[in-house]
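Following: one structure in structure tokens, then a few remarks.
The values are calculated or read from the model by the stated rules, or taken from the named source; none is laboratory data. Keep in mind that this is a model prediction, so the values were computed, not measured. Because the Cβ atoms are built from the backbone with ideal geometry, glycine has one as well, and the counts that use them run over all protein chains shown.
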Amino acid sequence: MKLAPINTMSNEPLSLSVDHRLIVALDVPSLEEARKYLDDLEGVVRFYKIGLELFLAVNREFLEEIRARQCRIFLDLKMNDIDETVRRAVNLAAGLGVDFLTILGNHATAKAAVLGRGDHSLKILTVPLLSSWGEKDLQELGVLQREPGDGARFSTLDEYVLWRAEMAMAQRCDGLIASGKYVKMFRDRFGEKAIIVSPGVRPAGQDTHEHQRSLTPFDAIHAGADYLVVGRPIRDASNRREAAQRIQDDIALALKSKTGRI
């Protein structure tokens, strides 16, 4: 059985409803905990991210359960493999009826993913830089210069990240995963051509954990993000519904401040 995607996208991102802009990360290890999470947020949240941990624990029927709740699905697997494997894997993911899928490879990976997507409505999003990575990580890989003239290809982190983003968009990916200042940088560079999803979002005053570039919900939307991914601030809250609603309220305020309307 092929699941039909829920069509809420339009040519104008600002027309997205607030409850579709918040993507809640189902960062739990079991199907039972995931179902409890869905029950806690029933009627408040309309979009969920399934990462590698939960993906290994669930099956197709669970995706159908999410669909039955009239919710959308972001499959965050950060695919990065040989071209043919990526093409075939993306084709299978598209057949599951998920809405978003992440990749983490080079231009050939992006090209293979778009080819594998075919005529499905699945949106391919690339990850130019993991939100937990910074300059030191790329310097250790020899990608980023430690000092001028050391032979590394890129002299600054911004130069590397923008190169990765441009490479993906040139291969017809639909959007980018962006955190911190890269939200505005990508919006300025690509305009409305790119769907921008911002991970590691934290309400003001909360621990950013391993995320090196974190924004508040208000700041991320104001900088140009279309969607926010929030995990622990909702998952670990004493009242998940209230935590999600507060973030949606921040999103609404940011949209109003940008447009004068919601």
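When the range 171-184 is examined, which residues are found to be surrounded by fewer than 23 Cβ atoms within 10 Å (Cβ to Cβ), out of contact with any helix residue (DSSP H, G or I) (no Cβ under 7 Å at 6 or more places or on another chain) and at negative phi?
Hits for the range 171-184 are Asp174, Lys181.
When you go through Ser179, Ser132, Ser198 one by one, which is the residue that is more than 22 Å from Arg117 (Cα to Cα), in contact with a Pro (Cβ under 7 Å, 6 or more places away or on another chain) and not charged (D, E, K, R)?
It is Ser179.
Have a look at Asp137, Asp150, Asp158, Asp119 and point out the one that is surrounded by fewer than 19 Cβ atoms within 10 Å (Cβ to Cβ), among the charged types (D, E, K, R), in contact (Cβ under 8 Å) with a residue 24 or more places away in the chain and more than 16 Å from Leu75 (Cβ to Cβ). Give the steps one after another, and end with the answer.
On the way: Asp137 fails: in contact (Cβ under 8 Å) with a residue 24 or more places away in the chain; Asp150 fails: in contact (Cβ under 8 Å) with a residue 24 or more places away in the chain; Asp119 fails: in contact (Cβ under 8 Å) with a residue 24 or more places away in the chain.
None of the other options fit; the residue is Asp158.
When the residues of the range 95-110 are narrowed to those that are farther than 15 Å from Tyr48 by Cβ and touching a strand residue (DSSP E or B) at 6+ places or on another chain (Cβ under 8 Å), which ends up surrounded by the fewest Cβ atoms within 10 Å (Cβ to Cβ)? Can you show your working first?
Start the filter on the range 95-110 by keeping residues that are farther than 15 Å from Tyr48 by Cβ, which leaves 95, 103-110.
Filter once more, keeping what is touching a strand residue (DSSP E or B) at 6+ places or on another chain (Cβ under 8 Å): 103-105, 109-110.
Values: Ile103: 26, Leu104: 18, Gly105: 20, Thr109: 25, Ala110: 23.
Among them, the one singled out is Leu104.
Counting only residues that are under 19 Å from Val24 (Cβ atoms) and either part of a helix (DSSP H, G or I) or at pLDDT 95 or above (or both), how many does the range 184-211 have?
4
The conditions are (1) closer than 20 Å to Leu122 by Cα; (2) aliphatic (A, V, I, L, M); (3) modelled with pLDDT of 95 or more, and Leu16 fails exactly one of them. Which is it?
Of (1) closer than 20 Å to Leu122 by Cα; (2) aliphatic (A, V, I, L, M); (3) modelled with pLDDT of 95 or more, only one is false for Leu16: (3).
Within the range 15-63, can you find the residues that are within 30 Å of Lys258 (Cα to Cα) and part of a helix (DSSP H, G or I)?
Ser15, Val18, Asp19, His20, Arg21
Residue by residue through the range 155-171, note down the ones that are touching a strand residue (DSSP E or B) at 6+ places or on another chain (Cβ under 8 Å) and either more than 27 Å from Val201 (Cβ to Cβ) or of a type in the set (D, E, K, R) (or both).
Ser155, Arg164
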